[in-house]
Every structure is written in C-alpha cells, then in structure tokens.
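The values are calculated or read from the model by the stated rules, or taken from the named source; none is laboratory data. None of these values were measured; they are calculated from a predicted model. A quick note on method: Cβ atoms are made from the backbone with ideal geometry, for glycine too, and the neighbour counts reach across all protein chains shown. For accessibility, only protein heavy atoms count, side chains too; no ligands or nucleic acids. Shrake-Rupley method; radii C 1.70, N 1.55, O 1.52, S 1.80 Å.
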Amino acid sequence: ETGVTQTPRHLVMGMTNKKSLKCEQHLGHNAMYWYKQSAKKPLELMFVYSLEERVENNSVPSRFSPECPNSSHLFLHLHTLQPEDSALYLCASSQGGQGRNEQYFGPGTRLTVT
Amino acid sequence: AQSVTQLDSQVPVFEEAPVELRCNYSSSVSVYLFWYVQYPNQGLQLLLKYLSGSTLVKGINGFEAEFNKSQTSFHLRKPSVHISDTAEYFCAVSGLRGGAQKLVFGQGTRLTINP
C-alpha cells in the first residue's frame, strides 16, 4: 500500500449504530487530519493530530470521537449519528511543523446515515 | 485569521479552450498557497503550490498559477483544457496550528469541459 488509505470506502449506518472509520498513511508523516466534505459546503477541518496528540478540535459534536494510536493510524469512531452527518469523510497526512508542506489525502469514506 | 474565496462555483468551457479559475485569499502573515484537484469519487490531489520566489508556479497536468501579493490572488490557469480536466478545484492557504499544518480551503470550483 502507498500513500493514504481509508476503509471502508462506503458505509451505511442507522442512527443508533456504532461504527469506525480507519485511515492509514504509509508516508512517514507525523501529522494526520480528518475533514468532512458535504455537498455545497467547503471542506470542514474536524480534527488535527500532531505527533499523536490532538491539536485541533473544530467544535465537532461528541458523537464523533477520534483516536490516533500511532503516527500511521487514525480512526474516527461514530455513534448515534444524525442524517445531516451524511458526507464524504477525508483523511490526510503531512509532515507537520512547517506550513509549506502539502497534505496528502486518502480517497475518503462515503457515509450515509439512515 | 486566514480565508480563501473562490469567485466561481462552476466554470464550463469547451475542450481545447483556455481556462482561469480565480482565487483570492486574506492573511495577516506570510502565506503558502495551494491548488488541489478532486476527481469524482476520489480524494484531493495537489496540483501546485506557492512557497516563495518566482510568482509563476507550474504544476502537474499543464496547470500553472500566478501569485499576486498586491491583489491577494492566486489564480489557476491552463492554456488548453481536456475532457479529463473535468473535476472540482480547491484553492487553499496554509497556516500552522500546534506543530501541524492547517489548511483553509475555498468553496471549490467545479470545472466542466464540454466537447
């Protein structure tokens, strides 16, 4: 595997379910990110992890819970979601510490909440 | 605070025509600027970036962008587009937060190429 991978690619869940999204980066980066991409809205930064510590939490509801067990893996745990949470969830990584380095994105998980 | 405005939400052009996608930013500090492209059902891919130096930046797939500090713009151009350029394009400005990069994205411009 190369780059940034995300699983699953598609997920349909009911409002009472619990599920997790997984992201893995194979680039040796030390920062990882979760974004939400909804139709007709700009990309919304949800969480940022640098050196496995959460450094940003953009007022995301508690029904989204991130976990970064090491610098290569990032999870987003989901529970009691709402239909408006349906979106494309993108993971990214970068070599942090310098704003000049681009982020590398995974293909995303398309989440549908029924 | 930093912000990015992409002035056009949709741009339709004919194949082999030139195209310009407009981006304006605001920032109180020195900036790094990026253009990303998102093809259908995929994540974002870097097209090009401006860090410093020459204001004309060349990227992949024949795209280029010009950094204009006085107009706070970073417009993306291609002299002749192909059907395969149909995608969503995002302009972004970079800052730092807690040792990690923080990208602020524009709303995106959907480029549609007509034969």
### Query
So how strong a dipole does the protein assembly as shown carry about its Cα centre when Lys and Arg Cβ are +1 and Asp and Glu Cβ are -1, to the nearest 20 debye?
320 debye
### Query
With contacts defined as alpha carbon pairs under 8 Å and 6 or more residues apart, what's the relative contact order of chain B in percent?
36 percent
### Query
What accessible area, summed over both chains, is buried at the B-A interface (1.4 Å probe, Å², nearest 100)?
2000 Å²
### Query
Using a 1.4 angstrom probe with every protein chain in place, what is the largest-first accessible-area order of A:22, B:102?
A:22, B:102
### Task
Roll a 1.4 angstrom probe over the protein heavy atoms and tell me the percent of accessible area of chain B that is carbon or sulfur.
50 percent
### Query
Once you sort the root eigenvalues of the Cα gyration tensor of chain A as a ≥ b ≥ c, which label holds: rounded (a/c under 1.5), prolate (a/b larger than b/c) or oblate (the other case)?
prolate
### Task
Per residue of the stretch A:52-68, in order, report the coupling 6.51 cos²θ - 1.76 cosθ + 1.60 (Karplus, θ = phi - 60°) as ³J(HN,Hα) in whole Hz, putting x for Gly and Pro.
6, 10, 6, 10, 8, 9, 7, 6, 7, x, 5, 5, 9, 10, x, 8, 10
### Task
Under a cut-off of 17 Å between alpha-carbon atoms, report the lysines in cross-link reach of residue B:78, not counting same-chain residues fewer than 8 places apart.
B:49, B:58
### Query
On average, how much accessible surface per residue is there in chain B, in Å², for a 1.4 Å probe, leaving out ligands, DNA and RNA?
48 Å²
### Proximal lysines relative to residue A:18, as straight alpha-carbon distance under 28 Å, when same-chain residues fewer than 8 apart are discounted
A:36, A:40, A:41
### Query
For a label point 7 angstrom out from the Cα of residue A:80 toward its Cβ, which stretches of the stretch A:40-66 have the backbone nitrogen within less than 14 Å?
A:61-65
